[in-house]
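So the structure is just underneath, and the comments pick up after that.
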Amino acid sequence: MATDSLFIRYLGDSPQLRIIDFFLDNQGDYSKKEIIENVGISKTTFYKIWPVLEKFEIFVPTRKFGNVQLYSINKKSTIVKQFVSLDSALGKQALLKITRNEKTVLAR
């Protein structure tokens, strides 16, 4: 990631959160290899944390593409719904702050 999202800046930069953030920003399904490449973590790190994310049903298998299993974020998960809500709230807060700053500049 070139610049950290509000989600990462607020919650911290951990491999788990980077994966979740990637899926919040990119709807669709991805292979493990695509996730590793897009998130920018090592295979070793990925394979250490992935079982925990699957255990909590943050991600679900969607379809197979040849021998490759694809995964997507589990939109039915209560945990994922909370992440989506937090991500949205952070975006709204940032937008309000920008709007307030612009009004202050215009008022001068």
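The values are calculated or read from the model by the stated rules, or taken from the named source; none is laboratory data. From a predicted model like this one, the values you see are computed outputs, not experimental measurements. Heads up, the Cβs are rebuilt from the backbone with ideal geometry, glycines too, and the neighbour counts pull from every protein chain shown.
Can you tell me which residue in the stretch 57-68 is farthest from Glu34 (Cα to Cα), limited to those that are out of contact with any Leu (no Cβ under 9 Å at 6 or more places or on another chain) and loosely packed, with under 14 Cβ neighbours inside 10 Å?
Checked the stretch 57-68; the qualifying residue farthest from Glu34 (Cα to Cα) is Glu57.
Out of all the residues in the stretch 69-80, which are of a type in the set (S, T, N, Q) and loosely packed, with under 12 Cβ neighbours inside 10 Å?
If the condition is that a residue be of a type in the set (S, T, N, Q) and loosely packed, with under 12 Cβ neighbours inside 10 Å, then Thr78 is the only one that fits.
Just to be sure before I move on: is Ile19 closer than 25 Å to Gly91 by Cα, assigned to a helix (DSSP H, G or I), β-branched (Val, Ile, Thr) and at pLDDT 95 or above in the structure I sent? If you could, list the steps in order and put the result at the bottom.
Working: closer than 25 Å to Gly91 by Cα: yes; assigned to a helix (DSSP H, G or I): yes; β-branched (Val, Ile, Thr): yes; at pLDDT 95 or above: yes.
Yes.
Is at least one residue of the stretch 62-76 in contact with a strand residue (DSSP E or B) (Cβ under 6 Å, 6 or more places away or on another chain), assigned to a loop (DSSP other than H, G, I, E, B) and of a type outside the set (A, V, I, L, M, F, W, C)?
Yes, that holds for at least one residue.
So which of Phe46, Phe83 is modelled with pLDDT of 95 or more, assigned to a helix (DSSP H, G or I) and surrounded by 14 or more Cβ atoms within 10 Å (Cβ to Cβ)?
Values: Phe83 fails: modelled with pLDDT of 95 or more.
So the residue among Phe46, Phe83 that is modelled with pLDDT of 95 or more, assigned to a helix (DSSP H, G or I) and surrounded by 14 or more Cβ atoms within 10 Å (Cβ to Cβ) is Phe46.
Report yes if some residue within the stretch 91-107 is buried (at least 17 other Cβ atoms within 10 Å of the Cβ) and small (Gly, Ala, Ser); otherwise report no. Walk me through how you get there before you give the answer.
So the first thing to find is which residues in the stretch 91-107 are buried (at least 17 other Cβ atoms within 10 Å of the Cβ), and the list is none.
No; the residues of the stretch 91-107 include none that is buried (at least 17 other Cβ atoms within 10 Å of the Cβ) and small (Gly, Ala, Ser).
With the requirement that a residue be surrounded by fewer than 17 Cβ atoms within 10 Å (Cβ to Cβ), touching a strand residue (DSSP E or B) at 6+ places or on another chain (Cβ under 8 Å) and either modelled with pLDDT of 95 or more or aliphatic (A, V, I, L, M) (or both), what does the stretch 22-37 give you?
Ser31, Lys32, Lys33
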